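Okay, so here's the structure we're looking at.
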Amino acid sequence: MKVYGPLLEKYSDIQEISRDLSDKLLIAVDICRRAGQIVLGHFEGEIVAEYKGDIDLVTVADRKSEKFIVEQLGKLFPDHLILAEEGSGTESGWEMNLKKGYKWIIDPLDGTTNFTHDYPHFAISIGLELDGKVIFGVIYSPLSNEMFVAVKGMGATLNGKRISVSTVSSLGISILATGFPYDRRTNLNNNVENFSKFINKVQGIRRAGAATLDLCYLACGRIDGFWELRLKPWDVAAGIIIVEEAGGKVTNLEGGPFNIYRDDILASNGYLHEEMQMLLNNDRVPLKTS
Ligand code: IPD
Ligand code: CA
Ligand code: CA
């Protein structure tokens, strides 16, 4: 535990959790921070991007960050599964859900389009699943040096201080965030219609280009609600637990339980959930969840 001593002090409230879990958490925090330094190193130099799809980019920074994270986790936890966006983990198909044991879910650089355009908003995200349930999430924004952490049942923190969602309870005074899927040019279900349902009802909608940070910003009250279509497990695994542990609510668009492998996401401070759900579902009465 010596190596992680200073981190442990900073995240003092996580000392209450089991030693084994806190060891894993502190390792994740440390790896995330170091991956952030790798990404930052590339942000300061020339950025060369390749196309994975029509408009979906990948850079050397995505790959180097992922290689570092996967190697570190692989060395420390050789029997754990790793699902990483750029494909270097142990898991190739993200559709495959519900495996027993530990599974790390990694977005080595969320906000690659921002990163490629010198737009300073991106993050590294690491979530840990046990038997199909996310038990902690760590998201690090290297430019703002903000480390968001949450452990199931233990609350959420930003740089070691407790955070909670906003108390805004009316859409009219809210700020929401969303994003648009990479296949938006060819798939008509591209979120534009949803966007137009909200735009005149709220104070603002942000499309900041990093879903992990949208969820963190919701968790600490900078925005009040978020929805998006066709995100992948690595975009949301860590973020949903950060939102929930900060007192927010996460469901699918219909208000049912959210599955990171399958569903479109609706996340809010709780107060706005029903109103957002109604709008997204053309005023159909929302499903009742807890
Ligand atoms: C993307 C970002 C973006 C969201 C996209 C994601 P990437 O992740 O989170 O905000 O709208 O759908 O794929 O590709 O930068 O890791
Ligand atoms: Ca992402
Ligand atoms: Ca990514």
Please say if region 171-280 is rounded, prolate or oblate, where rounded means a/c under 1.5 for a ≥ b ≥ c the square roots of the C-alpha gyration tensor eigenvalues, and otherwise the choice is prolate for a/b larger than b/c and oblate otherwise?
rounded
How many nm separate the modelled label positions at L130 and T90, each set 7 Å beyond the Cα in the direction of the Cβ?
1.7 nm
Taking K and R as +1 and D and E as -1, what net charge do the other residues with C-beta under 13 Å from the C-beta of G204 add up to?
+3
Quick check on region 5-162: take the gyration tensor over C-alpha atoms, sort the square-rooted eigenvalues as a ≥ b ≥ c, and tell me if it's rounded (a/c under 1.5), prolate or oblate.
oblate
Charge tally for neighbours of R184 with beta carbon under 13 Å away, counting Lys, Arg as +1 and Asp, Glu as -1, is -2
So what is the 222 nm mean residue ellipticity for the chain from helices alone, if each DSSP H run of at least 4 adds -39500 (n - 2.57) and you divide by all residues, rounding to the nearest 500 deg cm²/dmol?
-9500 deg cm²/dmol
Accessible carbon and sulfur surface of the chain relative to its total accessible area, %, 1.4 Å
51 percent
Report the calculated FRET efficiency for K75 and N187 (r = Cβ-Cβ distance, R0 = 51 Å), to the nearest 0.05.
0.80
Considering the dipole of region 171-280 built from charges on the beta carbon (Lys and Arg +1, Asp and Glu -1) around the Cα centre, which of L280, I199, I240 is farthest to its positive end?
I199
Just E254, E46, E275 to compare: in a GNM of the chain, with alpha carbon springs under 10 Å, which one fluctuates most?
E46
Share (percent) of C-alpha pair distances in region 88-247 greater than 26 Å works out to 29 percent
Taking only C-alpha positions in the chain, Rg and Dmax in angstrom work out to 18.1, 55
Lys and Arg at +1, Asp and Glu at -1: add these up for the other residues within a Cβ distance under 9 Å of E129 and post the number.
+2
Please report, ordered by residue number, every helix of the chain (full DSSP H runs) that is 20 Å or longer along its axis going by C-alpha atoms and whose mean Kyte-Doolittle hydropathy reaches 0.5.
none
Mind checking the per residue accessible area of region 82-205 for me, 1.4 Å probe, whole number of Å²?
45 Å²
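The values are calculated or read from the model by the stated rules, or taken from the named source; none is laboratory data. This structure is a prediction, so every number in the text was calculated from the model and none was measured. A quick note on method: Cβ atoms are made from the backbone with ideal geometry, for glycine too, and the neighbour counts reach across all protein chains shown. Quick note on the areas: whole protein, heavy atoms, side chains included, nothing else; ligands and nucleic acids left out. Shrake-Rupley method; radii C 1.70, N 1.55, O 1.52, S 1.80 Å.
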